[in-house]
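Heads up: the structure comes next, in structure tokens.
The values are calculated or read from the model by the stated rules, or taken from the named source; none is laboratory data. Just so it is clear, the model here is predicted, and its values are computed rather than measured. Because the Cβ atoms are built from the backbone with ideal geometry, glycine has one as well, and the counts that use them run over all protein chains shown.
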């Protein structure tokens, strides 16, 4: 019984790479002109802000929890550039939980999909998107695609914020 529970837990964990790989191709195209910035880092949770694709001057907030950060910090403890290596490890290979405040994340079913697959960061969404996305196409909205894609390029900024937050 324990092995089945462990396997189920393993299946319910996805890396940022997995989430991006399974994202809808149209959303990937719509995500390209957007820009993301890091707002803050608390513990293993990164808060980001991404521009709206439709309304000039509007932004949506994303939350990305790096579940593998503590384990990566323990692995690289004591070495040179410990925090930077740990962040790179957590971003590339660690599991994530995500959330976006945009309407598409909720109404196009991405919150439902992320709840079902176990990578939803905030309150669970159990309402099936029977009108806008009944085929459950994609994994995240264009804002999260952009934010997750930008995360590896923002490691130096994350290191500064992590040190400021007392993570390492």
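Structure notes:
- The condition of being touching a residue at least 24 places away in the same chain (Cβ under 8 Å), buried (at least 16 other Cβ atoms within 10 Å of the Cβ) and either closer than 19 Å to residue 48 by Cβ or under 19 Å from the mean Cα position of the chain (by Cα) (or both) does not hold for residue 136.
- Flag for residue 97 being over 23 Å from residue 33 (Cβ atoms) and not in a loop (DSSP other than H, G, I, E, B): yes
- Of the residues 85, 32, the single one that is at pLDDT 95 or above and either surrounded by 13 or more Cβ atoms within 10 Å (Cβ to Cβ) or over 14 Å from the mean Cα position of the chain (by Cα) (or both) is 32.
- Answer residue from the stretch 1-22, given it is assigned to a loop (DSSP other than H, G, I, E, B) and within 18 Å of residue 96 (Cβ to Cβ) and is modelled with the highest pLDDT among those: 22
- Scanning the stretch 43-52 for residues that are in contact with a helix residue (DSSP H, G or I) (Cβ under 9 Å, 6 or more places away or on another chain) and either surrounded by fewer than 19 Cβ atoms within 10 Å (Cβ to Cβ) or at positive phi (or both) turns up 43, 49, 51, 52.
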